[in-house]
Amino acid sequence: MDHNPLPFITTKRLAVKLKPAAEKMVKKHHPWVFEDSILKQNLEGTAGDLVIIFDNAKNNFLACGLYDPYSPIRIKLIQFKKAAQINEAWFKEKIFQAYELRKPLLLTDTNSYRLLFGENDHLPGLIADVYDNVLVIKLYSHIWFPYFNWILKHLIAITGVTTVVLRLSRLLQTKGDVYGLKDGQIVYGELKDEVVVFREHGVLFSANVIKGHKTGYFLDHRHNRKMVGELASGKTVLDVFSYAGGFSVHALTGGAREVVSLDISKHALDMAKSNAALNPHKGTHEVLVADAFKGLQSLIDAQKLFDIVVIDPPSFAKRESEIEKAKNSYARLSKLGAQLVAQNGILVLASCSSRVLADEFFSISEKNIMDTGRAFEVIQKTAHDVDHPIGFKEGAYLKCGYYQL
Ligand code: SAH
């Protein structure tokens, strides 16, 4: 039976032409059109209106997208080159394509995955993460409300989940019409416990799908955590910026002798503790509430060494003006981390700032490891797991280097 939490919302069709530079980007299938790139627009738009972009020279169809009056990214493009009806069948097909891409992951012992990754799955500002039989939809834009009932229906159909939780970004909680929907609202089924337990390559975790960051957990590092788990047998491990213990818990279940999780948030470390407790392990697990830079320095001062050090900070460059400072932070972390790695140990350095490109990040990491006088060998460099496809430049945010020192 169809489940329609939203009333029918009418939308209009707008015709738009763009300034030449923006038109070029659209021809390259870039999904963002900024408000100041619009040259001509026939009607005033409201959230979710369908916008057809015509080319200046020949008036041909270039792309279509959805109008977002609340964002400087005024039009979010969803279809390029070939015109299409943006109807229920279109959404069904997009969701099907996204699901097909994730199938290899679903053959592993994993029941948590990102089914929709916004722009990278042609649905800008729309995230859908599955945790066992709970789906969490997180909306970052008002454009999706007119289409929400269709999206919900086909997400439920393809995943077979029994519960759907809606999360709204801060923007949606403070601006514009959200049709009475609330952050954390259950839009399908029932949620018995807001803490949902799920598997990631055989390791159990839990996420608070109502109060957790983003949709409750960070799924993007799954393959890196698995790798750390495989390297950890008999080892000592330091997990810096551990959040809910993604790397720590894989290390413990992989047979690590001792794991230290370091984070500035006590709440995150409580989650790390309870996630560790979900899985049988013999090693010890310590948590350290500290600022990473200070905490790492104190460990160096105490002459501690670890066989594996993982450093996976939050995004340091949320805006253009922060790029230089972010690079400086990566440099400092590489230097601090390298001093804590035992002989032949492994330093794992990650970055999720899309504004710092992979090559730059790796060269900063490598230069600063060398500056500590340690020789290293690159074991591996990785990007996103398969459920985070990269559909455009800004979608490629995650990089992770493994260095044996
Ligand atoms: N490595 C984690 C994800 C990290 S998210 C995983 O695999 O899931 C970033 C974490 O950094 C958050 O838990 C946040 O509390 C923590 N954090 C942010 N600033 C910090 C700081 N200055 N020192 C230590 N931790 C910090």
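The values are calculated or read from the model by the stated rules, or taken from the named source; none is laboratory data. Quick caveat: nothing in here was measured; it's all calculated off a predicted structure. No Cβ is skipped: glycine too gets one built from the backbone with ideal geometry, and neighbour counts run over all protein chains shown. Remember, those area values only see protein heavy atoms, side chains included, never the ligands or the DNA or RNA. Shrake-Rupley method; radii C 1.70, N 1.55, O 1.52, S 1.80 Å.
So the values come out like this:
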| read-out | value |
| --- | --- |
| Average accessible area per residue (Å²) across the range 239-380 - probe 1.4 Å, nucleic acids and ligands excluded | 46 Å² |
| Accessible-area order (highest first, 1.4 angstrom probe) of the listed residues F54, F80 | F54, F80 |
| The range 116-187 and the range 266-293: distance between their alpha carbon centers, rounded to Å | 30 Å |
| Options G216, Y188, V165, ranked by Cα towards positive dipole end of the range 84-237, top entry (Cβ charges) | G216 |
| Positive-end residue, the chain charge dipole about Cα centroid, Cβ charges, pick of F293, Y140, L106 | Y140 |
| Heavy atoms of S315: accessible area, 1.4 Å probe, square angstrom to 10 | 30 Å² |
| Shape of the range 203-337, Cα gyration tensor, a/c cut at 1.5 | oblate |
| Whether the range 100-139 is rounded, prolate or oblate, judged on the alpha carbon gyration tensor where a/c under 1.5 counts as rounded | oblate |
| Debye-sum result for the chain in log10 I(q)/I(0), which assumes one identical scatterer on each alpha carbon, at q = 0.13, 0.14 Å⁻¹ | -1.11, -1.23 |
| Of the trypsin sites (Lys or Arg not before Pro) in the range 182-215, those whose Cβ has at most 13 other Cβ within 10 Å and which sit in DSSP loop | K182, K192, K211 |
| The chain - percent of accessible surface contributed by carbon and sulfur, probe 1.4 Å | 53 percent |
| Helical contribution to [θ] at 222 nm, DSSP H n ≥ 4, -39,500 (n - 2.57), averaged over the chain, rounded to 500 | -8500 deg cm²/dmol |
| Charge dipole (debye, nearest 20) of the range 172-325; +1 at Cβ of Lys and Arg, -1 at Cβ of Asp and Glu | 180 debye |
| Rounded if a/c under 1.5, otherwise prolate or oblate - the range 116-192, Cα gyration tensor axes | oblate |
| Dipole magnitude of the range 299-364, debye to nearest 20 (Cβ charges: Lys/Arg +1, Asp/Glu -1, about Cα centre) | 160 debye |
| Proximal lysines relative to K175, as straight alpha-carbon distance under 17 Å, when same-chain residues fewer than 8 apart are discounted | K138 |
| Viscosity 0.692 mPa s, 37 °C: Kirkwood-radius Stokes-Einstein D of the range 273-360 over Cα pairs, µm²/s | 223 µm²/s |
| Rounded accessible area per residue of the range 1-136, 1.4 Å, Å² | 49 Å² |
| Distant-in-sequence amide H partners of G125 (H built 1.01 Å from N, under 5 Å) | E119 |
| Within the chain: Cβ-based charge dipole about Cα centre, in debye rounded to nearest 20 (Lys, Arg +1; Asp, Glu -1) | 780 debye |
| Rounded to 10°, Cα long-axis angle of helix 148-159 versus longest principal axis of the chain | 50 degrees |
| Nearby lysines by direct alpha-carbon distance to K327 (threshold 21 angstrom, same-chain neighbours under 8 apart not counted) | K294, K318, K335, K367, K381, K393, K399 |
